[in-house]
Amino acid sequence: MPSWLQRIDDFFPIRYSTWLLCALLALVSGTAFLAGEMAPWGLLLFGWLTLVGFMDARQTRRSILRNYPVIGHVRFLLEFIRPEIRQYFLENDNEAAPFSRQQRSLVYQRAKGDPDKRPFGTQLDTGANGYEWINHSVMPTSLPTHDFRILIGGARAQPYSASIFNISAMSFGALSANAIMSLNAGAARGRFAHDTGEGSISVHHRKHGGDLIWEIGSGYFGCRNLDGSFSPEKFREAAIDPQVKMIELKMSQGAKPGHGGVLPGPKVTAEIAAARGVKIGEDCISPAAHSAFRTPVEMMQFIEQLRELSGGKPTGFKLCIGHPWEWFAMAKAMIETGITPDFIVVDGAEGGTGAAPLEFTDHVGAPLQEGLLLVHNTLVGLNLRDKVKIGCAGKVVSAFDIVRMMALGADWCNAARGFMFALGCIQSQSCHTGHCPTGVATQDLGRQRALVVPDKAERVFRFHEETLKALKELVQAAGLEHPGDITAAHIVQRTGKHEVRQLANCLPTILPGSLLAGNLTTRVFEVYWPLADASSFAPQGALAMPS
């Protein structure tokens, strides 16, 4: 929405302005008609506009029209003629900002149950450096189901059979109540997991009973004492709920790694305060660092404490890779303590539903490919890969996105913005302003009403369902039995005009157990592994820049 229109909407909501305009038009046109100064078609026109406005506000499928009756149709008209406008005057469908129109359209079509096929061949430049594809087989397989699952925490008292495609962390407070309920209802129907985000478990997460991954951030929301410290008693009380399937300790996130956050007091409503365990109207602070532990060894001990308090549920942590020696220190702490997380979620720096300073959005944190590969290779080198499952998140919206991440070492993928698109998000990028036009990322009750839970829950379910069906077709085409069979050898990447290589040959690899044997075969391990110590996150010794 243009800034000038936003200012008008702030002063007097456009949805009310539209109704007032329709009423005035109907009154003026009716008066003019009775006075003999207007033709009958004029009265019919304004009457028709009034009827359209009434129908827009009453329908449940399109959030934009519920919030912006009549004038909302302008957007859909522009969307209809945009291909011609773009073709001749503007950017193409594959320019991302941050998601391209083609990516968004794919999600919308699958969420609505519309055809998602493309005519006339690919729009991608297959001769460009970096173009990738998956090799197919002349003997494709035939799989019985698209409901691909992975067992997490198999050695624990309460293991979880997870879908390989789940909803990534987004808190109530960042998202509206209707958005949370729609996501959870869709997850319940599709039997996949819904990550709570660090804002903890709200009544809206519980209403439809979908599987939850409870994310514990540095603010310990939902399990904190009045001074902001961790409360084992409050954690146990919430964690033993059968709806909570896994516990995720958040170390950092892709949107703004190494940066805390503040939810200003005026935005801390009674519902948000109840979910987070804070006072109504007071600033809700997420510190940049945890207070429950200060060293890698203490971090592993804290993970074990969370696992025991939850009754043996799978427990792990999420991070965006920053200093390599810090991640290596965590890995060394696993070996030293004998405590391993059941899973690690790698967040890529390209992720980010949360608003962040531009410098953090653009220049802080490792992208998903590099972070995921480093975590995978480290666990392989320590002979821990079979004990620790790896999830990942960062601009995953299509089946090929999932295939590529699994080729790099992931066991499952999460998506945040993809599921926001399924809810109706139009990428207006006003999430942090409270003025989300579709009711997804706002606490404004008037705007939230545009998002009708039963309809949007169905779209969330269908997006997940159709994406996994597409994934099944890719796995079958490659001649495989499960997405977990995909390796970097199946993905091919163009590296030059007449050069292509398997992804496996473009990436650094490491042999099982090689780190335990002291074989530092790649540059990142040679430079940073000696700096890591399980007793501290700080580098041990002089930091030499890699050549």
Original post:
Could you state the number of Å between the C-alpha centres of segment 127-203 and segment 268-285?
Top reply: 29
**OP:** Compute the long axis of helix 73-88 from its Cα atoms, compare it with the longest principal axis of the Cα atoms of the chain, and write down the angle in degrees, 0 to 90, nearest 10.
**Re:** 60
Original post:
Computed from these coordinates, which is Cα extents along the principal axes in Å: (1) 96, 62, 46; (2) 80, 54, 40; (3) 66, 57, 57?
Top reply: (1)
Original post:
So if R0 is 45 Å, what FRET efficiency would THR433 and GLU237 give, r being the distance between their Cβ atoms, rounded to the nearest 0.05?
Top reply: 0.80
Subject >> Amide H partners (placed H, <5 Å) of ILE390, local residues excluded >> reply: ILE344, ASP411, TRP412
Original post:
At 222 nm, what helix-only mean residue ellipticity would the chain give, in deg cm²/dmol to the nearest 500, using -39500 (n - 2.57) for each DSSP H run of four or more?
Top reply: -12000 deg cm²/dmol
**OP:** Please tell me the relative contact order of the chain in percent, rounded to the nearest whole number, where contacts are Cα pairs under 8 Å and at least six residues apart.
**Re:** 19
**OP:** Using the charge dipole of the chain (Lys, Arg: +1 at Cβ; Asp, Glu: -1 at Cβ; taken about the Cα centre), state which of CYS320, GLY391, THR378 has its Cα farthest towards the positive end.
**Re:** GLY391
**OP:** Apply the Karplus parameterisation 6.51 cos²θ - 1.76 cosθ + 1.60, with θ equal to phi minus 60°, to every residue of segment 451-467 and state each ³J(HN,Hα) to the nearest whole Hz, in sequence, with x for glycine and proline.
**Re:** 9, 8, 4, x, 5, 6, 4, 5, 5, 4, 4, 5, 4, 4, 4, 6, 5
Original post:
Can you pick out the pairs among LYS112/LYS469; LYS313/LYS387; LYS256/LYS313; LYS207/LYS469 whose Cα atoms lie more than 20 Å from each other?
Top reply: LYS256/LYS313; LYS207/LYS469
Original post:
Of LYS279, LYS256, LYS313, LYS112, how do they rank once you tally other Cβ atoms within 10 Å and put the fewest first?
Top reply: LYS279, LYS112, LYS256, LYS313
Subject >> Ranked HIS482, HIS204, criterion: other C-beta atoms within 10 Å, fewest first >> reply: HIS482, HIS204
Subject >> Calculated SAXS-style log₁₀ I(q)/I(0) at q = 0.15, 0.27, 0.29 Å⁻¹ - segment 267-312, Debye, Cα scatterers >> reply: -0.60, -0.86, -0.91
Subject >> Loop-located GluC sites (Glu not before Pro) in segment 445-529 whose Cβ has at most 14 other Cβ within 10 Å (DSSP) >> reply: GLU481
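Give, rounded to the nearest 20 debye, the magnitude of the charge dipole that the chain has about its Cα centre when Lys and Arg contribute +1 at Cβ and Asp and Glu contribute -1 at Cβ. Intermediate values should be presented prior to the final figure.
Values: 52 positive and 51 negative charges, 211 e Å.
So the dipole magnitude of the chain works out to roughly 1020 debye.
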Subject >> Phi-based couplings in Hz for segment 142-151 (Karplus 6.51, -1.76, 1.60; Gly and Pro marked x) >> reply: 10, 9, x, 8, 9, 7, 6, 9, 9, 8
**OP:** Could you please rank GLU304, GLU233, placing first whichever residue has the fewest other Cβ atoms within 10 Å of its Cβ?
**Re:** GLU233, GLU304
Subject >> Rounded to 10°, Cα long-axis angle of helix 368-381 versus longest principal axis of the chain >> reply: 30
**OP:** Would you mind getting me the FRET efficiency between LEU124 and HIS482? Use the beta-carbon distance for r and R0 = 30 Å, nearest 0.05.
**Re:** 0.65
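Read the figures in this text as sums done on the coordinates, not as results from a lab. As the structure is a computational prediction, the values presented were derived from the model and not from experiment. Positions of Cβ are backbone-derived with ideal geometry, glycine not excepted, and every protein chain shown enters the neighbour counts.
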